[in-house]
């Protein structure tokens, strides 16, 4: 039998994934650990970011890329007030950030020599799940008053996570939230997912999350 | 001067708006009042719907169309357990309902002779704002633990509202929420918007909302 040489292209990345790969290379080259924080509107993305800055600012330089659907700079202003550089990306109504948008934000922050870059995605549990940004990890912030059924209703976003933060645990006494039922849903979608229950009001759990995050930053410096 | 007759097409509706118009005609013909409820994940759409059913069930036949991004029927099951017909539309990952999807749901419920049809949109503050469904009113449920800055961050959805429900007011003592700042943002985007502060836990404010809604249902029967 004659063998015919057929060129096999093993994996063709879509445009977004190609740019995401470039973003990852940029981060690796700069020895900057990149995290993408996703959540519903009002789950506490900005509050967790501000608490993380407070915990790590003495030792790390942290830059923040703020994704918003409107031109208001409420969140970016808070980060800058906390002493760290921030750039805002207005998606113009789009429901998520994509790798190209993040690239523009990273270019703005390029001179900052960041140890850690935090991306605050648009508040949404659906669209951001479909767009790889090229960060090292994807983090979801769930919050207690949102209810315990969210993993069952928004499975796609839970499947793609590296870390889950459960925020507003100080509100547990005042709302119905079955932690076992919630965790069972998460476990089904993403077995063994690293999880940090926290409260940005009482600061409970923030030290554990910050310590874990700092370890990842130190690790990337060694590579 | 000779006048040339140029045909002027005054308003061409996009496909979604054309179907939305048909939906509205169907509702008017059936004398069914239709409402579209939008909110972030976990703001309490289903809880408000269940409280509304409880308040109005003795006098009104209520059908519910549940929009979900996943095939779980958690919300539809609760409505059926409350004694009213429900149909679930799984958007297959899409972040909103559109007029065509609602049409399919309405066809399923057509035999129910509803006085009131409640649409529970997908949990999202961005995408649903862009799709007219043809219902008589658009309702947003904001919730206290989400924070007071949401009108500033998600202006598009606030602009298109007929009614705003502020849910979880029982949590006011436990979170930071500046009601004056929140209402100022709403007023800027949608002056004079009809607003009902409620709690599905204590039932505070539900009677006022239900009474207002029942008036609209009675009104459409008279037309």
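Since every read-out is calculated from the coordinates, none of them should be taken as a lab result. Here the structure is a predicted model, which is why all the values come from computation and not from measurement. Positions of Cβ are backbone-derived with ideal geometry, glycine not excepted, and every protein chain shown enters the neighbour counts.
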Rank these for me by crowding, B:120, B:208, going from fewest to most other beta carbons within 10 Å.
-> B:208, B:120
Principal axes of the stretch B:94-168: Cα extent on each, largest first, Å = 42, 24, 18
In the P(r) worked out for the stretch A:162-223, what percent of Cα pairs fall beyond 18 Å?
-> 48
Hydrodynamic radius of the stretch B:39-83 per Kirkwood, over alpha carbon pairs, in Å | 11.3
Gain upon complete extension [residue B:159, residue B:179; 0.36 nm per residue less C-alpha separation] = 5.3 nm
What's the percent breakdown of Cα-Cα distances in the stretch B:86-211 across 5 Å bins, shortest bin first?
-> 2, 10, 18, 20, 19, 16, 10, 4, 1, 0
Expected unfolding gain across residue A:188-residue A:222 under the 0.36 nm per residue rule, minus the alpha-carbon gap, is 8.8 nm
Computed Rg/Rh for the protein assembly as shown (Cα atoms; Rh = Kirkwood radius) stands at 1.02
If you take the alpha carbon radius of gyration of the stretch A:3-137 and divide it by 2.2 N^0.38 Å, what ratio comes out, to two decimals?
-> 1.15
Span from the the stretch B:42-64 Cα centroid across to the the stretch A:48-109 one, whole angstrom = 39
Taking only Cα atoms and a 10 Å spring cutoff, compute GNM fluctuations for chain A and point out the largest among A:128, A:58, A:191.
-> A:58
What's the percent breakdown of Cα-Cα distances in the stretch A:55-110 across 5 Å bins, shortest bin first?
-> 4, 21, 26, 24, 15, 8, 2, 0
How many angstrom separate the Cα center of the stretch B:140-207 from the Cα center of the stretch A:144-223?
-> 26
With r defined as the distance between the Cβ atoms of residue B:104 and residue A:16 and R0 fixed at 41 Å, what FRET efficiency is calculated, to the nearest 0.05?
-> 0.85
